[in-house]
Amino acid sequence: MKTRFLLMSATAVSAAAVLSLPAIGQSLDYNAMSGLFGEAVTAGATGAPQRSSDVPATMIIITRDDIERSPEFDIPGLLRHYAGVGHNRFSFGDSQVAIRGEASGYMPRLLVLVNGREVYLDSYGYTAWSTLPVQMEEIQQIEVVKGPQSALYGFNAVSGVVNIITRNPDFENWVTARANIGNGGYDDVAFTAGRSFGDRASVRFSYGNAGAEEFEPIASNTFAVSLADGDYSRETASLEGRFQITDNVRLIAEATTSEVQLQELTSIYYTTRSLYELHSYKIDVEADTDFGFWTFSGYRNETEIAYEFGPSSNELTTFRAQNLFKIGTNDTVRLTAEYREGTTISFPDPGNGGFGYETMAFSAMWNHRFSSAVDLTLAGRFDSVDWSRDGDPNPAFYIFTQEDYDVSFEEFSYNAAMVWRPQSGGAVRFSASQGVQAPSMFDIGFTLLSTTTPIPLAITGNPNMETSIVRAYEIAYDRALSPTVDMRAAIFTQETSDVRGTFGAFPDVLPPNAPLPVLLFNNRGDTQTTGAEISLMGDPDGGWHWGVNYTYQSVDDDLATFGLFTALDFESATPEHLVNAQIGWAGERFTADAFFNYVSATTSPLQPDFGTLTRFDLDAAIAASFRAGFRVNDHVNISLNAQNANFGSGEIANVNYQPASRTWLQLSTSF
Amino acid sequence: MRNFLLPVAAGLLMAAPAAAETTTRDLEVIGRALGFVENQSGSERVLAIIHDAASAGEAEALLASLGGGLRAGRVTLTGRLVNSADLSGLDGAHAAVLLGAVAGDASVAQAVNSASILSVSSDMGCVQAQGCVMGVQSAPSVRIVVNRANAGAASVSFAAAFAMMIEEI
């Protein structure tokens, strides 16, 4: 109690004295700004609004036009076409995305936010993308920041961040209704609307309902085969109100709900069927004052998940105060204080005591413009975390006592980048960063008694687990090669020490040191990824546009023995080569787009039955997707979409379910 | 002494402006930028096109390109010709674009500031020399420079997000 009081007091004090970066992004008029500067704008790299050519990080910004022209029905599908993005569709609804690495099941290293609210499930430590309460038609832009970004976003932003920004009803009124119907039982309807009421209030609303038959399972994944009759369903809704309290103060309130059922691949390469029921509530107060742009925000995520192995019920509450201001003409500063509290019931085994953590964090960012050619950005964040458990795990099965869970850790993360715009054109970025991946609630407090194995086993989280530290270095170069062709290139290296890792098939602790053999969540070694990426994009005259990108990534693991002590094998499971290409044409009423993706061969871990870890070879694959659109009139569009058109009834592209060709007709109206 | 030298230096700089002609694209950028000026309501903005005899043709061309109103982002921009020898036409204007040698005329700058009107020029020397509040360049990429001191003198302020995305001097 005393700790909590002190933490909250500290938050209040810092709030009285100092802003947060993602927050200003909610009030940016992206359309007006990008129209003014002739390029995308973002607040996703430093917390301060910036032109995309000025950001001190390698970013992808996916605009509303990009989304409308893609033959994809979800956000991970959109992302897979860009350089440095790894993607696996483990089932119809379970896609995972990685930045410069393996897109594994329950990918833990990528932080995902919607309007600055974390949708990353920090209970297990991954993003269930289908649960995002966002319809494609209400997205303003999707920002992907590559590399560790903990200094801005906190824990788990270690390979990158995806920030989804929705349309702002303060700046535009719209209504969209859309229906997709396709093969494989796919149907998807969505309604979105945004409207302002005078100068003082506006509302955004969205609703979506989708379903599909599941793909065919991989024959050798025994458990996936046993779950094969579970289809996909998704229903989400979101309501946001924006209120201008005074000329300079705005209040934004949002509530969302999601209910999703789907098959998934977990972090131990084991299949599960999951039912998600998620609710969130968020309030932001923004004040544009003579003393900076202040943001006070709070949100609460309530998560109920029924996994195949048991239920999980979690709550995350976050408060943040941030001030963003300029000093003089060349310095921009952001100061942030943040308090987080995560709690969960004892899971999946009930009765071992609920547990959770409290975090207090302080961060700062300073951007200095030395000249119109050179600027420097430095950002740092300090996190202090305290864990606790309110009951004793059953000592007949588990090795840790309640007191063992009273652990704390303190971590520092940073981002440093210099942007140089040489007279010869373009921009060169030099960046170094350190990110922190915190143990998840599963990592710390999971308790499960397994009786399906030949001998009873205790599977348990580990309060002694260390944070995983990621250090990254990058040199990037962006420039226009001609008035109609842009190039973006980067070379990077990223070292991860004390990789958060799950158990293998062999117990980590044996009797007499434990009442039962124990499979333990633990740190499993180190890994390093080095690579390069290059993108070329062209917008020649005549309504054409094209793009091609290539990513090379080489992984060097120093991990615990695969199979016995970990299910991880980044070195084999990360594709060495990724190539994406697209070409499109837009006429007065017709549009046509084609997308191609190449992924080189990999060998993926697989746990077809619990306790039997093996490896599975995946051949190189090419996917071809197409979209043809026709504008019937100013308000009605119709399109035919073919995702992975060459996959037929299924392509063995991962170890869970075989992505099949999906074709759908889309009818959409907008006003 | 310092108080004497600064205006002289500014005057010298302003006396030799680059001969950058203002284009229709510049006007679009100016119009869009006006959408981020604080304490202005509605979406209609009047742009005074201040010219001298040498730049009268350029001014006529700009007025023609504005037509009945140029839609630029949040605002609709209409134009009005104002001869630098008679600035009475500034009344009611939201912004003034300074053409040709007018961009180096300290008396015009002072008059525009006194009327609390945002002065703008496509000649970056003008904003550098504190002859106008804003310098705008639309090609090859958009560049906006704001002179903070001059903005203060004209009582012009900008939305915080806008101020963070431009160059201030």
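Out of curiosity, is A:TRP366 more than 26 Å from the chain's Cα centre (by Cα) and over 30 Å from A:PRO515 (Cβ atoms)? Don't jump to the end; show me each part of the working.
Details: more than 26 Å from the chain's Cα centre (by Cα): no; over 30 Å from A:PRO515 (Cβ atoms): yes.
No, not satisfied.
Taking the residues in region B:33-64 that are of a type in the set (Val, Ile, Thr) and surrounded by fewer than 22 Cβ atoms within 10 Å (Cβ to Cβ) as candidates, determine which candidate is farthest from B:ALA95 (Cα to Cα).
If we take residues in region B:33-64 being of a type in the set (Val, Ile, Thr) and surrounded by fewer than 22 Cβ atoms within 10 Å (Cβ to Cβ), then B:VAL37 is farthest from B:ALA95 (Cα to Cα).
Output yes when any residue across region A:248-259 is at pLDDT below 95, more than 19 Å from A:LEU28 (Cα to Cα) and assigned to a loop (DSSP other than H, G, I, E, B), and no when none is.
No, the conditions are met nowhere in region A:248-259.
Condition first: closer than 17 Å to A:GLY47 by Cα, in contact with a helix residue (DSSP H, G or I) (Cβ under 8 Å, 6 or more places away or on another chain) and aliphatic (A, V, I, L, M). Now tell me which residues in region A:336-382 satisfy that.
A:ALA337, A:MET365, A:ALA379
Conditions (1) buried (at least 20 other Cβ atoms within 10 Å of the Cβ); (2) touching an Asp or Glu at 6+ places or on another chain (Cβ under 8 Å), marked per residue:
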{"site": "A:THR266", "(1), (2)": "yes, no"}
{"site": "A:SER274", "(1), (2)": "yes, yes"}
{"site": "A:LEU278", "(1), (2)": "yes, yes"}
{"site": "A:TYR281", "(1), (2)": "no, yes"}
{"site": "A:ASP284", "(1), (2)": "yes, no"}
{"site": "A:SER297", "(1), (2)": "yes, yes"}
{"site": "A:ARG300", "(1), (2)": "no, yes"}
{"site": "A:THR303", "(1), (2)": "yes, yes"}
{"site": "A:TYR307", "(1), (2)": "no, no"}
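Under 6 Å between Cβ atoms, which residue pairs at least 6 apart in sequence (or on different chains) link something in region A:145-164 that is crowded, with 24+ Cβ neighbours inside 10 Å with a partner that is in a helix (DSSP H, G or I) and not aliphatic (A, V, I, L, M)?
Cβ pairs passing all conditions: A:ALA157/A:SER150; A:VAL161/A:TYR153.
Are there strands (runs of 3 or more DSSP E) fully within region A:514-606 with at least 1 residues that are at pLDDT 95 or above and among the aromatic types (Phe, Trp, Tyr)? List them. Walk me through it before giving the result.
Working: elements: A:518-520, A:525-538, A:544-559, A:577-586, A:590-599, A:602-606.
The strands (runs of 3 or more DSSP E) meeting that bar are A:544-559, A:577-586, A:590-599.
Considering (1) of a type in the set (Gly, Ala, Ser); (2) within 11 Å of chain B (Cβ to nearest Cβ); (3) crowded, with 22+ Cβ neighbours inside 10 Å, say which one A:GLY35 fails and leave the rest.
(3)
Every residue in region A:243-281 that is among the acidic types (Asp, Glu) and more than 30 Å from A:ASP170 (Cβ to Cβ), please. Reasoning before the result, please.
To start, the set of residues in region A:243-281 that are among the acidic types (Asp, Glu) comprises A:247, A:254, A:259, A:264, A:277.
Scanning region A:243-281 gives A:GLU264, A:GLU277.
Which residue out of A:ILE67, A:ILE60, A:ILE75 is surrounded by 22 or more Cβ atoms within 10 Å (Cβ to Cβ) and either within 11 Å of another protein chain (Cβ to nearest Cβ) or closer than 26 Å to A:ASP188 by Cα (or both)?
Values: A:ILE67 fails: surrounded by 22 or more Cβ atoms within 10 Å (Cβ to Cβ); A:ILE60 fails: either within 11 Å of another protein chain (Cβ to nearest Cβ) or closer than 26 Å to A:ASP188 by Cα (or both).
So the residue among A:ILE67, A:ILE60, A:ILE75 that is surrounded by 22 or more Cβ atoms within 10 Å (Cβ to Cβ) and either within 11 Å of another protein chain (Cβ to nearest Cβ) or closer than 26 Å to A:ASP188 by Cα (or both) is A:ILE75.
Here are some residues: A:SER267, A:SER226. Which one is at pLDDT below 95 and within 19 Å of the chain's Cα centre (by Cα)?
Values: A:SER226 fails: within 19 Å of the chain's Cα centre (by Cα).
Within the list A:SER267, A:SER226, the selection yields A:SER267.
In the set A:SER150, A:SER206, which member is modelled with pLDDT under 95 and among the hydroxyl-bearing types (Ser, Thr, Tyr)?
Details: A:SER206 fails: modelled with pLDDT under 95.
So the residue among A:SER150, A:SER206 that is modelled with pLDDT under 95 and among the hydroxyl-bearing types (Ser, Thr, Tyr) is A:SER150.
If A:SER554 satisfies every condition in (1) crowded, with 19+ Cβ neighbours inside 10 Å; (2) farther than 23 Å from A:MET441 by Cα; (3) of a type in the set (Gly, Ala, Ser) but one, which is the exception?
Checking A:SER554 against (1) crowded, with 19+ Cβ neighbours inside 10 Å; (2) farther than 23 Å from A:MET441 by Cα; (3) of a type in the set (Gly, Ala, Ser), the one that fails is (1).
Report yes if B:LEU70 is buried (at least 16 other Cβ atoms within 10 Å of the Cβ) and either in contact with a His (Cβ under 7 Å, 6 or more places away or on another chain) or more than 14 Å from chain A (Cβ to nearest Cβ) (or both), otherwise no.
Details: buried (at least 16 other Cβ atoms within 10 Å of the Cβ): yes; either in contact with a His (Cβ under 7 Å, 6 or more places away or on another chain) or more than 14 Å from chain A (Cβ to nearest Cβ) (or both): no.
Taking the combined requirement at face value, the residue does not satisfy it.
For region B:116-154, which residues satisfy the criterion of being under 19 Å from B:ARG45 (Cβ atoms) and away from chain A (no Cβ under 14 Å)?
Within region B:116-154, the first condition is being under 19 Å from B:ARG45 (Cβ atoms), and the residues that meet it are B:116-122, B:132-136, B:138, B:142, B:144, B:146, B:151, B:154.
Passing the criteria: B:SER116, B:ILE117, B:LEU118, B:SER119, B:SER121, B:SER122, B:CYS132, B:ALA154.
Return the residue satisfying two criteria in turn: it lies in region B:155-169 and is more than 7 Å from chain A (Cβ to nearest Cβ) and of a type in the set (Val, Ile, Thr), and of such residues it is surrounded by the most Cβ atoms within 10 Å (Cβ to Cβ).
B:VAL156
Given the options A:LEU78, A:LEU7, A:LEU28, A:LEU36, name the one that is over 30 Å from A:ALA623 (Cβ atoms), at pLDDT 90 or above and outside any strand (DSSP E or B).
On the way: A:LEU78 fails: over 30 Å from A:ALA623 (Cβ atoms); A:LEU7 fails: at pLDDT 90 or above; A:LEU28 fails: at pLDDT 90 or above.
Within the list A:LEU78, A:LEU7, A:LEU28, A:LEU36, the selection yields A:LEU36.
Does A:ASP404 count as among the acidic types (Asp, Glu), closer than 19 Å to A:ARG500 by Cβ and at pLDDT 95 or above?
So A:ASP404 fits the description; yes.
Yes or no: A:ASP386 surrounded by fewer than 19 Cβ atoms within 10 Å (Cβ to Cβ), away from chain B (no Cβ under 14 Å) and at pLDDT below 95? Before you say what the answer is, go through the steps one by one.
Values: surrounded by fewer than 19 Cβ atoms within 10 Å (Cβ to Cβ): yes; away from chain B (no Cβ under 14 Å): yes; at pLDDT below 95: no.
For A:ASP386, the condition - surrounded by fewer than 19 Cβ atoms within 10 Å (Cβ to Cβ), away from chain B (no Cβ under 14 Å) and at pLDDT below 95 - is not met.
Only residues that are assigned to a strand (DSSP E or B) and more than 26 Å from the chain's Cα centre (by Cα): list them for region A:628-641, please. First the steps, then the outcome.
Within region A:628-641, the first condition is being assigned to a strand (DSSP E or B), and the residues that meet it are A:628-631, A:636-641.
The answer is A:ALA628, A:GLY629, A:PHE630, A:ARG631, A:VAL636, A:ASN637, A:ILE638, A:SER639, A:LEU640.
The values are calculated or read from the model by the stated rules, or taken from the named source; none is laboratory data. Note that the coordinates shown come from a computational prediction; the quantities given were computed from them, not determined experimentally. No Cβ is skipped: glycine too gets one built from the backbone with ideal geometry, and neighbour counts run over all protein chains shown.
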